[in-house]
Amino acid sequence: MADTPFLKEAISIAVKLMKEAIVCGQKVRLQGKGSSMEPVIPSEYFVRIVPASGLKEGDIVALWMSGELIIIHRVIKVGTRDGALYVITKGDNSPYTDPPVLFDRVIGKVSEITRD
């Protein structure tokens, strides 16, 4: 779906606005879809996102991976490569780790999980 430059740019702007809202203290909630974080975050549950300051292994974060894909996964490593901060994440219910992503792709940290 994110094949068009317009859609990619629109999603990029939406992610930037979400990050700005989070930093300004606004409530940002996302709804999880899928089973990669079950049983901690069941599909269709909502998560509240807060700033990702002090990010560490074990935190659950919302990441903008590429195109229109935003994932909510657990941080398994925070590191530096070529002077840039990056994170590696993994879904609790997934056998595979996600590829490393630069810290600027982190939208925020999950602070609350709710059913509605």
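The values are calculated or read from the model by the stated rules, or taken from the named source; none is laboratory data. What you see is a predicted model, and the numbers here were worked out from it, not measured in a lab. Methodologically, a virtual Cβ is constructed for each residue, glycine included, from the backbone with ideal geometry; neighbour enumeration extends over all protein chains shown.
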Discussion item. Return the residues of the stretch 90-111 that are modelled with pLDDT of 95 or more and touching a Phe, Trp or Tyr at 6+ places or on another chain (Cβ under 8 Å); say none if nothing qualifies.
Written reply: Lys90
Discussion item. Criterion first (part of a loop (DSSP other than H, G, I, E, B), basic (Lys, Arg) and either touching a residue at least 24 places away in the same chain (Cβ under 8 Å) or out of contact with any Lys or Arg (no Cβ under 7 Å at 6 or more places or on another chain) (or both)) does Lys16 satisfy it?
Written reply: no
Worksheet, complete the sentence: Residue set Pro39, Pro51, Pro99; condition under 14 Å from the mean Cα position of the chain (by Cα), of a type outside the set (Asp, Glu) and within 22 Å of Ile113 (Cα to Cα); output residue Pro51
Practice prompt. Of all residues in the stretch 36-82, count the ones that are assigned to a strand (DSSP E or B), closer than 19 Å to Gln26 by Cα and of a type in the set (Gly, Ala, Ser).
Written response: 1
Worksheet entry | Condition broken by Trp64, with the remaining ones in (1) crowded, with 17+ Cβ neighbours inside 10 Å; (2) modelled with pLDDT of 95 or more; (3) touching a Ser or Thr at 6+ places or on another chain (Cβ under 9 Å) satisfied | (2)
